Amino acid sequence: MTQRLAGKSAVVTGAASGIGRATAQAFAAEGARVLCADIDGNGAEETARLIGPTARAFRVDVTQPDEVCAMVEACVAAFVKIDVLFANAGIGEAGTAAELTLERWNRMLAINLTSVWLCAKYALPHMVRQGGGSLIHQSSTAGLVGVGGIAHYAAAKAGVIGLTRQIAVDYGPQGVRCNAICPSTIPTPLVTKVWQERSAPQAGGPSTAEQIAAAALRHPMRRLGRVDDAANLAVFLASDESTWITGQALALDGGFTIA
Ligand SMILES: NC(=O)c1ccc[n+]([C@@H]2O[C@H](COP(=O)([O-])OP(=O)(O)OC[C@H]3O[C@@H](n4cnc5c(N)ncnc54)[C@H](O)[C@@H]3O)[C@@H](O)[C@H]2O)c1
């Protein structure tokens, strides 16, 4: 590795699993100190243990303002500053607009959209005072194009892109950049759950194996994503190599959205 994040302090939410764990590890491998945050405290501890002494674990429910505030303060207390916040924690769930209940809708928006705003709300004052920072928001190709069967998820992810642009405009003059990552399908526990819901007998959909094969074929690169694909893009957006990139929703999708 090349120490592209040497001297930087970062928070990664959803760091107990999938993209978040891979990104926390990539940030650390590039020289950052990393606060690994997740509602799964044991999983966050495990990620921090895998990284070593430059990481700390923090248990957080990203829907709770007090807990998100405490997470940001814990980063500053441990590492003196917060240069990067990857608001990545999220859930996946199948459901069309007519099927959804208000409870499921509100839960999805709380975890996948409101949480991203809360992370920004508490990190921004520190970043402005420090003279800059990089907010990285986890969106999805479902926030860019119609995918089908995930109405509340897609609405939340599209909302993340709108929030990203607003923050980029409002805080660019203070040196804070804000970008969204929009991955297509990367097999993680979140995706496996949605595949299983869609193929459940009552849903009457294709089997999980059929969905995996069909999903790969929809990508010009003829493969699904890997957690390292997302981690590599997050490292770039966290680094000083991307200092003139802000307000963007970057498709990470093997060509899915242009095909
Ligand atoms: N995997 C994909 O194909 C894909 C595609 C597009 C976007 N995404 C997004 O990437 C992000 C990470 O997903 P993943 O695929 O790595 O899934 P994952 O299930 O492996 O990881 C998600 C993590 O978020 C944590 N989390 C959930 N609710 C939380 C809460 N309230 N507070 C704190 N942590 C919480 C979970 O405990 C888990 O560790 C999500 O926002 C997801 O929507 C994933």
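What follows is calculated from the coordinates using simple rules that are stated; it is not laboratory data. Remember, predicted model here, so these are calculated numbers, not experimental data. So basically every Cβ, Gly included, is an ideal-geometry build from the backbone, and we count neighbours across all protein chains shown.
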Problem set entry | segment 139-149 - phi-based ³J(HN,Hα) in whole Hz, Karplus 6.51/-1.76/1.60, Gly and Pro as x | 9, 5, 4, 5, x, 9, 9, x, 10, x, x
Seminar exercise, completed: Around G95 (Cβ within 13 Å, Cβ-to-Cβ, excluding G95; K/R +1, D/E -1) the net charge comes to 0
For this session: Just tell me, in residue order, which DSSP H segments of the chain are both 20 angstrom or longer along the helix axis (alpha-carbon based) and at least 0.5 in mean Kyte-Doolittle hydropathy.
Result: 65-79
Exercise. Setting aside same-chain residues fewer than 8 positions from K193, which lysines have a Cα under 19 Å from its Cα?
Worked result: K157
Exercise. For D40 and R223, what does the FRET efficiency come to when R0 = 25 Å and r is the distance between their Cβ atoms, rounded to the nearest 0.05?
Worked result: 0.35
Problem set entry | Student exercise, the chain dipole from Lys, Arg, Asp, Glu Cβ charges, in Debye to nearest 20 | 340 debye
Exercise. In what sequence do T2, T63 fall when counting other Cβ within 10 Å, fewest first?
Worked result: T2, T63
Exercise. What's the local net charge at Q196, with K and R +1, D and E -1, over the other residues with C-beta under 15 Å away?
Worked result: -1
Seminar exercise, completed: Quick note on R165, R223, ordering by fewest other C-beta atoms within 10 Å, gives R223, R165
Exercise. Residue separation times 0.36 nm, minus the C-alpha to C-alpha distance between A77 and T96: what's the value?
Worked result: 2.5 nm
Problem set entry | Euclidean distance between Cα centres, segment 217-243 to segment 119-190, Å | 15 Å
Problem set entry | Charge sum, other residues only, whose C-beta stays under 12 Å from V145's C-beta, Lys/Arg counted +1 and Asp/Glu -1 | +1
Seminar exercise, completed: Looks like the chain, by Cα gyration tensor root eigenvalues a ≥ b ≥ c and the a/c under 1.5 rounded cutoff (else prolate when a/b is bigger than b/c, oblate otherwise), is prolate
Problem set entry | Difference of contour (0.36 nm per residue) and Cα-Cα distance, A259 to D61 | 67.6 nm
Exercise. If each residue's Cβ is checked for other Cβ atoms within 10 Å, how do Y171, Y153 rank with the fewest at the top?
Worked result: Y171, Y153
